[in-house]
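**Student:** Let me give you the structure first, and then I'll get to my questions.
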Amino acid sequence: MAQNRPTPIPNINIGKVYDSRYGESDINIEAFGKLAEFFGRNMPVHRHDRFFQLHYLASGQIRLYLEEQQYLAQAPLFFFTPPTVPHAFITEADAEGFVLTVRQELVRQLLHTLPAPQLEPWLMQPACVELQDEPAARRLPLLLGLLSEEFMGEGRGREAAMQGLTQLILVAALRLSQHAGPTAHFRREDLQIFHRFNALIEAHYREHWSLWRYGEAMGVTESRLNDICRRMADLPSKRLIHDRLLQEARRLLIFSASSVNEIAYHLGFKDPAYFSRFFLRETGLKPSDYRRRNS
């Protein structure tokens, strides 16, 4: 059995891997569904250096990991991640909302009038908050919607409007964070195995490793790995592997000009016909039909 080694937590620069606008602006907002289409509904552990993020979900359920804490939460909700805080999550297909990304220097600038004892703990501590039907909770999606309109537009005073709306959103999140819900606790070793499994999937999904080989690489049995995945993600271990293959297939069908056969070979399928059957079984659509629908 291979010895376990610590796996570096990837730092995702959204501007480089998703949209160049994210590299040019201090404030960025995107529909959660669009990011999920690109990155997948099963988002392995990662971090964002120098950026705060606020994920707001208007619908759906989420299994969320913030550092070593796990949440199983139902929308409407938001979760807040300071820079460098490792996080991972799995959402249902109907989960929709917004993802706000703000450069850390601007966050402190926008909130500089708040007393340090009130501000600093919040800026350093991740949180997940299930929202109740109250005025502050109802305002949050409205403010995010207005910010999204400004981000996509080119109106006069756009930057000033974006900063003003972001300030209101951050203050609303700060107020609502006092309602942060309880976390579910799991053994540290199990959580590490789960994140290690996701990292190995990322490195080897194109090689179509068997579950036995993943287990061997981590020094655990297939049955234990499957048990951990069911408890952590409510999904079997094989489902997580298939989801990563599907995620990459969808990306390539939408964002590349490669043929279906080329995509099949790129994803490690020796027979393009088998890839088409796999995609049809998992999505209900042939790869070519999926491309036409989303082109």
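The values are calculated or read from the model by the stated rules, or taken from the named source; none is laboratory data. It should be emphasised that the depicted structure is a prediction, and the values quoted were computed from it without experimental measurement. Here the Cβ is made from the backbone with ideal geometry for all residues, glycine too, and neighbour counts use every protein chain on show. With ligands, DNA and RNA removed, areas are computed over all heavy atoms of the protein, side chains included. Shrake-Rupley method; radii C 1.70, N 1.55, O 1.52, S 1.80 Å.
**Student:** Ile241 fails exactly one of the following numbered conditions: (1) over 17 Å from Ala88 (Cβ atoms); (2) in contact (Cβ under 8 Å) with a residue 40 or more places away in the chain; (3) among the β-branched types (Val, Ile, Thr). What is the number of that condition?
**Tutor:** Answer for Ile241: the failing condition is (1).
**Student:** Oh, and also: Output the number of residues of segment 241-286 satisfying the condition of being more than 23 Å from Pro44 (Cα to Cα), open to solvent by 70 Å² or more (accessible area, probe 1.4 Å) and of a type outside the set (Asp, Glu).
**Tutor:** 9
**Student:** So in segment 173-206, with the set limited to residues that are aromatic (Phe, Trp, Tyr) and modelled with pLDDT of 70 or more, which one is farthest from Pro236 (Cα to Cα)?
**Tutor:** Filtering segment 173-206 for residues that are aromatic (Phe, Trp, Tyr) and modelled with pLDDT of 70 or more, the one farthest from Pro236 (Cα to Cα) comes out as Tyr205.
**Student:** To continue, here is another question. Could you tell me which numbered condition Ile29 fails, if it satisfies all but one of (1) over 22 Å from Leu174 (Cβ atoms); (2) at pLDDT 90 or above; (3) of a type in the set (A, V, I, L, M)?
**Tutor:** Single failed check for Ile29: (1).
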